[in-house]
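> Let me give you the structure first, and then I'll get to my questions.
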Amino acid sequence: MVTLSEFNSTAGEQLRPDLLTCCDVPAWADGVLEARPYADIDSVLARAGELAGALSGAEVDRALAAHPRIGDRVSGTDAGSAWSRQEQAWVGQDVAIAAQLLDGNRAYEKRFGRVFLICATGLSAEQILASLHQRLTNDDATETAVVAEELRKIAVLRLRKVFEQ
């Protein structure tokens, strides 16, 4: 856990790994750090969301590479792995839905050339599956915008966890 005071005063190179776990885009992490000091945590989160909403296509691709496929078993002891397990804790509970997610992931990856990304926190497996099916009907530009928004939500959610751990 990091307090706001610690976040504002700790050397950037010490905080950068935690930020990259939230969103694996160096320019994003640097932008969050460069805006210090922050008056409150909401200001940090707002800046992080603003920066994440402006990621380039290449930066979105880089960030996506750090996310597991929905339904995959995530190993590892780092914070990112723990957060992924926490965010997807419900996925393996229904074998039929897990199989449908696997099929849907394959179709999505074939259609768009990247993993299906959704901010899964607070969503049921059924809601995620429905979103996956709906998003398969998106054109490329629409889906690119949806992915960027989902990535923004995940980055902000994870950054909040840095302060709450």
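The values are calculated or read from the model by the stated rules, or taken from the named source; none is laboratory data. For clarity, every value in this text was computed on a predicted model and none was experimentally measured. Ligands, DNA and RNA are stripped out before the accessible areas are found, and what is left, the full protein with its side chains, is counted by its heavy atoms. Shrake-Rupley method; radii C 1.70, N 1.55, O 1.52, S 1.80 Å.
> Tell me the per residue accessible area of the chain using a 1.4 Å probe; a whole number in Å² is fine. Walk me through the intermediate numbers first.
Working: 8260 Å² over 165 residues.
Accessible area per residue: 50 Å².
> Further question on the same structure: If one puts a single equal scatterer on every Cα of segment 1-62 and applies the Debye formula without solvent, what log₁₀ I(q)/I(0) results at q = 0.17 Å⁻¹?
Reported log10 I(q)/I(0), two decimals: -0.53.
> Per the Cauchy relation, a quarter of the hull surface: what is the mean projected area of the convex hull of the alpha carbons in the chain, in nm²? If you can, show how the numbers build up before the last one.
Working: hull surface 37.1 nm².
Reported value for the Cα convex hull: 9.3 nm².
> Something else now. Using 0.36 nm per residue of separation minus the Cα-Cα distance, give me the extension gain between Leu4 and Glu164 in nm, one decimal.
On the way: separation 160, 0.36 × 160 = 57.60 nm, distance 1.06 nm.
Difference between extended and current length: 56.5 nm.
> Can you send over the carbon and sulfur percentage of the accessible area for the chain, probe radius 1.4 Å, protein chains only?
Values: 4280 of 8260 Å².
After summing per-atom areas, the C and S share lands at 52 percent.
> Still on this model: As a test of the formula, what do you get for the chain when each DSSP H run with n ≥ 4 contributes -39,500 (n - 2.57) and the sum is divided by the residue count, at 222 nm and rounded to the nearest 500 deg cm²/dmol?
Working: 9 runs with 110 residues, N = 165.
Counting only the DSSP helices, I get -21000 deg cm²/dmol.
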